[in-house]
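A short write-up of the structure that comes next.
Rule-based calculations on the coordinates, nothing more; no lab input. All values reported here derive from a predicted model rather than from experimental measurement. Cβ coordinates were reconstructed from backbone atoms using ideal geometry, including for glycine residues, and neighbour counts include every protein chain displayed.
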There are 2 protein chains.
Amino acid sequence: MTDSHAAPHPFDAAIALEPAGDGRFRGEPHPAWANMVGPFGGITAATMLNAVLAHPARLGEPVALTVNYASALVATPFEIEARAVRTGRSVQHWVVELVQDGEVAATATAVLALRRPTWAADELGMPAVPPADEVPVTPTFSKVEWPKRYELRFQAGPWPDLRLDAELPDSLSTVWIRDEPPRPLDAPSLAAICDVFYPRTFRRRQRFVPAGTVTITTHFHADAAELAAQGARPVLGVARGLRYASGFFDQRAEVWSDSGRLLASSMQSVWFKE
Amino acid sequence: MTDSHAAPHPFDAAIALEPAGDGRFRGEPHPAWANMVGPFGGITAATMLNAVLAHPARLGEPVALTVNYASALVATPFEIEARAVRTGRSVQHWVVELVQDGEVAATATAVLALRRPTWAADELGMPAVPPADEVPVTPTFSKVEWPKRYELRFQAGPWPDLRLDAELPDSLSTVWIRDEPPRPLDAPSLAAICDVFYPRTFRRRQRFVPAGTVTITTHFHADAAELAAQGARPVLGVARGLRYASGFFDQRAEVWSDSGRLLASSMQSVWFKE
């Protein structure tokens with residue numbers, strides 16, 4: 001996404017890593033992606049995936065990524081170690097750890113594969129929504145930095161009004177999403193987009209309660225060619241919570257191409273305080 | 001589940017581990033849980049979770065578990081290493097590796113937590129199905145061993161007739177599930193039950209094509225008390241595939257208590273051959 005004459009896109013600047021030998025890479029949280037505490041989880045996921053993709057032993061394309069957030073990152077350099085623990089003929093398994101100030105701050109596992117043509121079918125269908133250019137851009141939620149890195153067009157379930165404190169019956173959000181400024185879609189940016197759906201407790205309760213993702217898993221359905229075909233046009237995100245109980249809830253998400261193909265499916269478990 | 005006067009339940013026999021020091025445990029695939037190649041993935045997931053639960057540094061109960069299957073296990077002893085990479089006040093992150101014959105055969109990450117009362121809501125509703133005792137027991141799929149370890153009552157989407165070779169429009173299965181013989185539900189058995197839903201390609205295509213789970217993620221919603229309240233009665237499982245493309249597909253599952261509470265939600269990515 002970078003050319004020699006221009007500053008890198010803010011996404012590429014944030015996931016940039018410097019090789020440090022032996023499958024290790026150095027990076028640093030980028031202030032443009034700050035969340036309330038630490039960076040946006042999606043950018044951390046993309047950065048850890050980027051370590052795998054940049055590793056010389058890499059085989060193929062991402063099929064699955066799980067990122068576990070062990071503590072909020074602070075604004076100092078970190079190191080990521082990516083290990084290919086098993087490489088088969090067409091599938092490769094990775095274990096990744098992000099260490100900051102001598103402690104593990106995040107872990108990840110990734111499955112990569114050489115994808116080949118097979119029988120194919122789309123079983124889950126994209127919800128019927130107006131195209132992106134018929135949905136107005138939603139003003140950015142201003143308290144934090146990272147939402148400014150996306151152009152969001154909420155068709156349903158927009159940013160909550162956290163002063164309302166009124167419980168809603170469901171947490172569904174349907175939103176057209178693209179990087180701001182526009183950037184052609186690839187696996188790291190898709191991994192980040194899967195975390196754009198803010199905690200569903202905010203949506204359900206229209207109230208601020210401390211919350212943070214503890215783990216997110218994303219399955220990639222599109223190969224590099226299909227992602228490239230999507231280019232920088234908006235993708236459709238759909239997310240909703242399942243059950244909220246005893247300090248944790250989970251939310252599912254799907255991300256669709258503008259031609260109605262499922263690009264990624266995701267689920268995350270989120271801690272909340274009260 | 002074991003008392004001193006009886007042989008252990010086949011589930012407990014299969015997930016049994018012998019401590020080997022430094023967070024390491026020894027185990028061996030149990031022939032009662034054999035799949036077409038290697039053991040049933042659900043029993044491997046339960047065994048890796050059991051290593052975390054048996055570890056002296058364990059804090060709290062499972063919230064999330066991701067298991068990555070790097071190669072089929074063979075019928076020889078294996079070693080599992082479980083590392084608590086970060087322990088907070090109430091949340092603990094684990095990285096687990098299963099090594100057999102000197103190679104990593106499976107990896108896992110787990111999030112455990114001390115769960116506390118909070119605001120709670122059930123957003124996803126259980127589908128309306130007849131109670132377990134009104135759904136006949138489905139005869140076991142006979143080619144492999146592990147299905148005999150469950151009593152399954154398919155309300156929809158039963159075992160495929162793999163000779164039909166006729167494509168179906170969806171892959172939905174709805175099935176009451178309990179261990180056979182009955183065994184009170186706990187987190188390891190729930191982790192295994194989340195993998196009971198055979199590859200959705202078999203269901204969609206009514207045809208056998210080589211397939212195997214590469215990764216499964218399960219989020220646990222019920223705490224130990226809620227699992228204990230379910231006891232050994234059947235739980236309702238619901239599963240369906242989302243998209244099948246380029247050698248991989250994913251399937252989602254929910255497991256419900258017989259009182260209609262979501263006990264666990266799960267997603268897995270499955271490799272298939274053609």
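Using the Cβ of B:Phe11 as centre and a radius below 14 Å, the other residues enclosed give a net charge of -3, where K and R count +1 and D and E count -1. Of the chymotrypsin sites (Phe, Trp or Tyr not before Pro) found in the range B:65-148, those that fall in a DSSP loop while having at most 16 other beta-carbon atoms within 10 Å are B:Phe141. Summing charges over all other residues whose Cβ lies under 13 Å from the Cβ of A:Trp271, with Lys and Arg as +1 and Asp and Glu as -1, gives +3. With contributions of -39500 (n - 2.57) from each DSSP H run of at least four residues, the per-residue ellipticity at 222 nm computed over the protein assembly as shown stands at -4000 deg cm²/dmol. Each other copy holds its own label point for B:Thr87; taking that point as 7 Å from Cα along Cα to Cβ, the gaps run 3.6 nm, nearest first. For the range A:2-44 and the range B:30-63, what is the centre-to-centre distance using only Cα atoms, to the nearest Å? Using only Cα atoms, the two centres lie 36 Å from each other. Between B:Arg207 and A:Ala75, the modelled label-to-label distance comes to 5.8 nm, taking each label 7 Å out from Cα in the direction of the beta carbon. Modelled spin-label separation between B:Ala232 and A:Glu103, with each label point placed 7 Å from Cα along the Cα-to-Cβ direction: 4.4 nm. The simple Förster model, with R0 at 25 Å and r as the Cβ-Cβ distance, assigns B:Thr87 and B:Ala20 a FRET efficiency of 0.70.
The other copies place their A:Ala6 label points at 6.9 nm from this one, listed shortest first, where each point is 7 Å from Cα along Cα→Cβ. Once you've got the GNM for chain A with C-alpha springs shorter than 10 Å, pick whichever of A:Thr76, A:Thr140, A:Thr87 has the biggest mean-square fluctuation. Most flexible of the set in this elastic network: A:Thr76. Plainly put, the tip 7 Å out from Cα toward Cβ on B:Gln206 is 5.0 nm from that tip on each other copy, the closest given first. Projecting the Cα positions of B:Pro160, B:Pro131, B:Ala187 onto the charge dipole of the range B:121-210 (unit charges on Cβ atoms of Lys, Arg, Asp and Glu, taken about the Cα centre) puts B:Pro160 furthest along the positive direction.
Of interest is the spacing of the C-alpha centroids, which for the range A:96-143 and the range B:87-166 amounts to 24 Å.
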